[in-house]
Amino acid sequence: MLTAKNGEYDEAEGLDTGADDYLAKPFSYVVLEARLRALVRRGGARLSTVLQAGDLWLDPARRACGRGTDRITLTPKEFAVLPPALPAEPARRGRAALDVIDEVWSADFTGDPNIVHVYISAVRKKIDIPFGRNTIETVRGAGYRVNARA
């Protein structure tokens with residue numbers, strides 16, 4: 001995982017949610033190349049971790065998504081804006097739109113922060129509305145989270 005988030009809790013969350021390694025910006029290309037060589041050396045078969053909330057499933061390794069047996073096609077950005085943790089804890093705070101911008105768009109993004117709302121709306125139209133669900137909840141003042149019971 002290559003990210004601008006460099007706190008120890010950010011790194012722990014990245015590793016806990018499936019990253020094999022974590023590298024924060026700014027970074028050394030020498031270190032990046034060494035880490036990539038180490039990952040290639042590990043090789044071997046990998047077990048995929050499929051995340052689930054109700055009948056919604058996400059396979060981050062394959063960037064696949066679906067409900068039950070229905071596969072749902074998401075663009076890379078749509079997949080990236082999805083809240084990262086499934087299932088969500090009921091009391092969990094939402095994922096803020098500015099955090100999504102930091103994680104999904106480049107660090108020099110100067111566009112309208114409402115782009116996150118546009119993408120969340122597009123994702124809801126694909127994973128929620130056709131199935132009569134409300135999986136992605138808006139948390140006023142905090143962002144978005146997954147409703148594991150939807």
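Only residues that are in contact (Cβ under 8 Å) with a residue 60 or more places away in the chain and among the charged types (D, E, K, R): list them for the range 100-120, please. Outline the logic, then answer.
Filtering the range 100-120 for residues in contact (Cβ under 8 Å) with a residue 60 or more places away in the chain gives 102-103, 107.
Across the range 100-120, the qualifying residues are 102, 103.
Look through the range 4-16, keep the residues that are open to solvent by less than 70 Å² (accessible area, probe 1.4 Å) and part of a helix (DSSP H, G or I), and return whichever of them is farthest from residue 76 (Cα to Cα).
Filtering the range 4-16 for residues open to solvent by less than 70 Å² (accessible area, probe 1.4 Å) gives 4-5, 7, 10, 12, 14.
With the extra rule that they be part of a helix (DSSP H, G or I), the set shrinks to 10, 12, 14.
Values: 10: 21, 12: 23, 14: 18 Å.
Residue satisfying both the conditions and the ranking: 12.
Has the range 48-69 got at least one residue that is of a type in the set (Asp, Glu) and out of contact with any strand residue (DSSP E or B) (no Cβ under 8 Å at 6 or more places or on another chain)?
Step one: filter the range 48-69 for residues of a type in the set (Asp, Glu), giving 55, 59.
Next, only the ones that are out of contact with any strand residue (DSSP E or B) (no Cβ under 8 Å at 6 or more places or on another chain) stay: none.
Taking every residue of the range 48-69 in turn, none turns out to be of a type in the set (Asp, Glu) and out of contact with any strand residue (DSSP E or B) (no Cβ under 8 Å at 6 or more places or on another chain).
Within the range 127-148, how many residues are part of a loop (DSSP other than H, G, I, E, B) and either of a type in the set (S, T, N, Q) or modelled with pLDDT under 85 (or both)?
7
Tell me the helices (runs of 4 or more DSSP H) entirely within the range 17-126 that contain at least 1 residues that are modelled with pLDDT of 85 or more, open to solvent by less than 50 Å² (accessible area, probe 1.4 Å) and farther than 17 Å from residue 5 by Cα. Walk me through it before giving the result.
Values: elements: 29-42, 76-81, 97-104.
Of the helices (runs of 4 or more DSSP H) lying wholly inside the range 17-126, those with at least 1 residues that are modelled with pLDDT of 85 or more, open to solvent by less than 50 Å² (accessible area, probe 1.4 Å) and farther than 17 Å from residue 5 by Cα span 29-42, 76-81.
The values are calculated or read from the model by the stated rules, or taken from the named source; none is laboratory data. Quantities reported herein were computed from a predicted structural model and do not represent experimental measurements. Counting neighbours? That spans all protein chains shown, and the Cβs are built from the backbone with ideal geometry, glycine included. Just so you know, the surface numbers come from the protein's heavy atoms only, side chains and all, with ligands and any DNA or RNA stripped out. Shrake-Rupley method; radii C 1.70, N 1.55, O 1.52, S 1.80 Å.
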